[in-house]
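Heads up: the structure comes next, in structure tokens.
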Amino acid sequence: MDLHVLDHVCQLLNQRRADNLPTIPVSINLSPSDFNIDSFIDQVLGITQKYQIPHNMIQFDLMTQPVAVDQQRLKDAAANLRKQGFRICLDRYGGENNDLSTETLLEYNFDYLKVDVRSFNTNRQRAKIILASVINMSRLLKIVPVVKGVEDQAMLTFIRSLGIMLTQGRLLAKEMPEEELSQERDNFESVEERALFSGFNHINVLDPYLETRDRLDNNFENPRPNSIFIVQSQQAKLVYCNSAFRSWTGCAGMTKRSGNT
């Protein structure tokens, strides 16, 4: 990463704030060689301080396995960035990093794991098993999974059944020129919504201990009724449920409007 990129990103965030536009977290690609830059972290801190950008608004995506740098130096630097409040993500798990990511997960702590699903075919049951297992592994490691490369409705439907809240791909939104993004106002979540869904991201709706034959042959959801509600102003809004929950509520004679409390 060229530090000029971080400076430019912070400048844009600062300008959005000045224009009373929603500020949004930004991911910046980071390579292991960046940590060879003298006083790299001090320079990062200096840039964010110059524009008064909260550190949790910046996420650094580690693109490749560290091979050409001192391992301990990289681990210490990554830990230092997390300690300072920046978010660290391992990018392209299942894609270009597939043969390298396991060792990285063993040695480093990450806030997010970006799972690349462009090589997964949801028509293949084995692919579904692997993807569900990766998502569950991420949850058990206390790492928030992010699914990237979502380009068809079948994949989106499947990953939503796994309780995934964070997705990216051309099916959801295509690339946008900077000048258009700079003026975008309505399509970003609010600070309150971001905090709410951040909590959802840490909920594991999969049950790793109930691997029944029926579950493996048909779907990957928890075989017990499972749901997430938002309760506000004496109204309960359903934001996630599995098929077992839908079946249970149907047998109980409940309808979509029965959520009022």
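Residue count for region 145-167 satisfying the condition of being free of Cβ contacts under 8 Å to residues at least 24 places away in the same chain and under 12 Å from Lys114 (Cβ atoms): 1. If the condition is being crowded, with 18+ Cβ neighbours inside 10 Å and in a helix (DSSP H, G or I), then region 24-39 contributes Pro32, Asp34, Phe35. What number of residues in region 234-260 are at pLDDT 65 or above and either within 29 Å of the chain's Cα centre (by Cα) or not in a loop (DSSP other than H, G, I, E, B) (or both)? Of the residues in region 234-260, 16 are at pLDDT 65 or above and either within 29 Å of the chain's Cα centre (by Cα) or not in a loop (DSSP other than H, G, I, E, B) (or both).
Taken over region 143-160, the criterion of being open to solvent by 20 Å² or more (accessible area, probe 1.4 Å), in contact with a strand residue (DSSP E or B) (Cβ under 9 Å, 6 or more places away or on another chain) and either at pLDDT below 90 or of a type in the set (Gly, Ala, Ser) (or both) is satisfied by Arg160 alone.
Could you list, in sequence order, all residues of region 12-23 that are surrounded by 14 or more Cβ atoms within 10 Å (Cβ to Cβ) and out of contact with any strand residue (DSSP E or B) (no Cβ under 9 Å at 6 or more places or on another chain)?
Within region 12-23, Asn14, Arg16, Arg17, Leu21, Pro22, Thr23 meet the criteria.
Looking only at region 1-43, residues that are β-branched (Val, Ile, Thr) and within 18 Å of Tyr112 (Cβ to Cβ) come to 4 in all.
The values are calculated or read from the model by the stated rules, or taken from the named source; none is laboratory data. The model shown is predicted, which means the values in this text are computed figures rather than measured ones. Cβ sites come from the backbone with ideal geometry, for glycine too, and all protein chains shown count toward neighbours. The protein model used for the area step is the full one, side chains on, heavy atoms only, and it has no ligands, DNA or RNA in it. Shrake-Rupley method; radii C 1.70, N 1.55, O 1.52, S 1.80 Å.
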